[in-house]
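A.B. asks: Take a look at this one; I'll ask things after.
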Amino acid sequence: MRNGTIIVILISLALITAFSVFNFYKKSNIPVQENNPPLTQDTLPLQEGLPFIVEAKRQAIYTAALARDYDKLNAETSTDFHYSFGGEYKDGFVGFLKLSEKDEGESAFDIIPTLLRLPYTSKDGLYTWPSVFTTEPSKWTPEDITMMKTFLTDKQIEDYRQYGGYVYYRMGITSQGDWTFYLAGD
């Protein structure tokens, strides 16, 4: 009788543990699937609340940027991708990236991984990095300022405050996992 009681207790504990783990993943929106992106030095920690397909695209863009490969990065864009307010560039997105790097002295291969490490915001099925892009300067928190200081100077932050908003590079991925924009400016 004692062995039977011990077995029942062990089975009960195993079920409670399995149920708790399942609920954790369910509440954290991390899908319980074997095809989650593996975490390596070339991947980002998962961001809480992102749908799996958005997280997968975030990881793919990050990996392509780390590879410093224009074609791999371009392959991650959607068919309705926006990269310039000034219209199409010769050689498309790749041409824009090369010209921007030459003119601005900054590479998308450095900017994109930085953006994807930052907090995001979402509205109407669009996930945008960094989250501060959608926040009015008067509502920037000390955490927002600290986050921006990881990639902007104090002068740039103050210029954006005076301008009325963050207009440095930002990027967006739809809830369907389509990378739809990588833009700077207004």
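Please treat every number below as a calculation from the coordinates, not as lab data. Here the structure is a predicted model, which is why all the values come from computation and not from measurement. No Cβ is skipped: glycine too gets one built from the backbone with ideal geometry, and neighbour counts run over all protein chains shown.
A.B. asks: Any chance you could run the full-extension gain for residue 134 through residue 72? It's 0.36 nm times the residue separation minus the Cα-Cα distance, nm to one decimal.
C.D. replies: Roughly 19.5 nm would be gained on extension.
A.B. asks: Residue 90 to residue 146: extension gain in nm, 0.36 nm per residue of separation minus the Cα-Cα distance?
C.D. replies: 16.5 nm
A.B. asks: Still on this model: Please list, ordered by chain and number, the residues whose modelled amide H lies under 5 Å from the amide H of residue 78; skip anything fewer than 5 residues away on the same chain.
C.D. replies: Hits under the 5 Å cutoff: 179.
A.B. asks: Hey, another quick one. For residue 176 and residue 162 in one chain, what is 0.36 nm times their gap in residues minus the Cα-Cα distance, to one decimal in nm?
C.D. replies: Fully extending the segment from residue 176 to residue 162 adds 1.5 nm.
A.B. asks: What does the charge count around residue 171 come to, taking other residues whose C-beta lies under 15 Å from its C-beta (Lys +1, Arg +1, Asp -1, Glu -1)?
C.D. replies: Computed value for this residue: -1.
A.B. asks: Using each residue's phi in segment 138-145, evaluate 6.51 cos²θ - 1.76 cosθ + 1.60 at θ = phi - 60° and report the 3J(HN,Hα) Karplus result to the nearest Hz, with x for Gly and Pro.
C.D. replies: Each residue of segment 138-145 in turn: 5, 10, 5, 8, x, 5, 4, 4 Hz.
A.B. asks: Now for a separate question. When a/c is below 1.5 the answer is rounded, else prolate if a/b is larger than b/c, else oblate, so apply that to segment 34-183 with a ≥ b ≥ c taken from the square roots of the Cα gyration tensor eigenvalues.
C.D. replies: Since a/c reaches 1.5 but b/c is at least a/b, the shape of segment 34-183 is classed as oblate.
A.B. asks: So for the pair residue 110, residue 79, with labels modelled 7 Å out along Cα→Cβ, what separation do we get in nm?
C.D. replies: 3.6 nm
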